[in-house]
1. Could you tell me whether I108 is at pLDDT 95 or above, in contact with a helix residue (DSSP H, G or I) (Cβ under 8 Å, 6 or more places away or on another chain), surrounded by 18 or more Cβ atoms within 10 Å (Cβ to Cβ) and not in a loop (DSSP other than H, G, I, E, B)?
2. Working carefully through the options Q27, Q35, Q92, find the one that is touching a strand residue (DSSP E or B) at 6+ places or on another chain (Cβ under 8 Å), at pLDDT 90 or above and either assigned by TED's automatic domain parsing to the domain that holds I133 or closer than 30 Å to S248 by Cα (or both).
3. Consider T38 carefully, then state whether it is closer than 28 Å to E151 by Cβ and among the β-branched types (V, I, T).
4. Of the residues S138, S175, S159, only one is part of a helix (DSSP H, G or I), over 30 Å from I16 (Cα atoms) and either among the polar types (S, T, N, Q) or touching a strand residue (DSSP E or B) at 6+ places or on another chain (Cβ under 9 Å) (or both); which?
5. When you look at I133, is it touching a helix residue (DSSP H, G or I) at 6+ places or on another chain (Cβ under 8 Å) and surrounded by 15 or more Cβ atoms within 10 Å (Cβ to Cβ), yes or no?
Amino acid sequence: MARGMAAGKIVPASNICVTTKSEASAQKISASNPQIHTGTDNRKAVEGADLIILAIKPWLLEGVVEEIKSGLDYTRQAIASVVAGVNFESLQRMLDNGSGVRPTLFRIIPNTAISIGESVTFIAAEGADDQQIDTLKSIFDELGLTLVIPEAMMPAGTSLASCGIAFALRYMRDSIQGGVELGFSPQEARQIVMQTVRGALEMLAHNNTMPQAEIDKVTTPGGITLKGLSAMDDAGFTAAVKAGLIKSR
């Protein structure tokens, strides 16, 4: 996320501060862009920040919040969480610092393609005004496709895009393996599958169509494409995809 933001035009890399548990991890961030400030002191990192993004494992969240919350000023600082499964109600409870002021909260769910500016990112907000939402969305729009959704839709978004990138790569992995079995070298099969998927995406975008419309163009009664699709359905392809999405919500 930091690498993607630093490569954009809205947030200067020098305005980004990333803290990590180890110096080695901090050095990896610095190596990607030396203008990004790095360190291991969470309290120091939040001083003067406009937006604090909590991008940590769920079991570390409460401890990190306890460490920083007394130093936060909710009248001017917004808090965003990238922690899956922790809702606004839980975040408000953790972040209560006794000031009587409820923080402006965001939940953000990107996928791993955010590091190269090709993420699908979902944003939900609580206590934010339209300008704050638009500002945050504009930042993530530089990093791919951004959708502002109700909090109740965050699990579905996680399944379809955050987990979904692994599901898409799983299809590609298995297609490459199948290509090798058909006689191509692993590198040839990888190139073929990548370009085939790229071409499919470009057709959908260029023609503004749904996938079935493009599928219909290459299937003829009794043809080999139809036979292949039928075999995939018989093997449970469609049911497996839907089961994966439902299970990962």
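1. On the way: at pLDDT 95 or above: yes; in contact with a helix residue (DSSP H, G or I) (Cβ under 8 Å, 6 or more places away or on another chain): yes; surrounded by 18 or more Cβ atoms within 10 Å (Cβ to Cβ): yes; not in a loop (DSSP other than H, G, I, E, B): yes.
Spelling it out, I108 is indeed at pLDDT 95 or above, in contact with a helix residue (DSSP H, G or I) (Cβ under 8 Å, 6 or more places away or on another chain), surrounded by 18 or more Cβ atoms within 10 Å (Cβ to Cβ) and not in a loop (DSSP other than H, G, I, E, B).
2. Values: Q27 fails: at pLDDT 90 or above; Q35 fails: touching a strand residue (DSSP E or B) at 6+ places or on another chain (Cβ under 8 Å).
It is Q92.
3. Values: closer than 28 Å to E151 by Cβ: no; among the β-branched types (V, I, T): yes.
Considered against the rule, which asks whether it is closer than 28 Å to E151 by Cβ and among the β-branched types (V, I, T), T38 comes out as no.
4. Values: S138 fails: over 30 Å from I16 (Cα atoms); S159 fails: over 30 Å from I16 (Cα atoms).
Exactly one of S138, S175, S159 is part of a helix (DSSP H, G or I), over 30 Å from I16 (Cα atoms) and either among the polar types (S, T, N, Q) or touching a strand residue (DSSP E or B) at 6+ places or on another chain (Cβ under 9 Å) (or both), namely S175.
5. no
Condition check ((1) at pLDDT 95 or above; (2) within 30 Å of P12 (Cβ to Cβ); (3) assigned to a helix (DSSP H, G or I); (4) out of contact with any Asp or Glu (no Cβ under 6 Å at 6 or more places or on another chain)) across all residues:
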position: V120; (1), (2), (3), (4): yes, yes, no, yes
position: A125; (1), (2), (3), (4): yes, yes, no, yes
position: I133; (1), (2), (3), (4): yes, yes, yes, yes
position: L169; (1), (2), (3), (4): yes, no, yes, yes
position: F184; (1), (2), (3), (4): yes, no, no, yes
position: Q191; (1), (2), (3), (4): yes, no, yes, yes
position: A200; (1), (2), (3), (4): yes, no, yes, yes
position: A205; (1), (2), (3), (4): yes, no, yes, yes
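The values are calculated or read from the model by the stated rules, or taken from the named source; none is laboratory data. Bear in mind the structure is a predicted one, so any value in this text is a computation, not a measurement. Neighbour counts run over all protein chains shown; Cβ positions are idealised from the backbone, glycine included.
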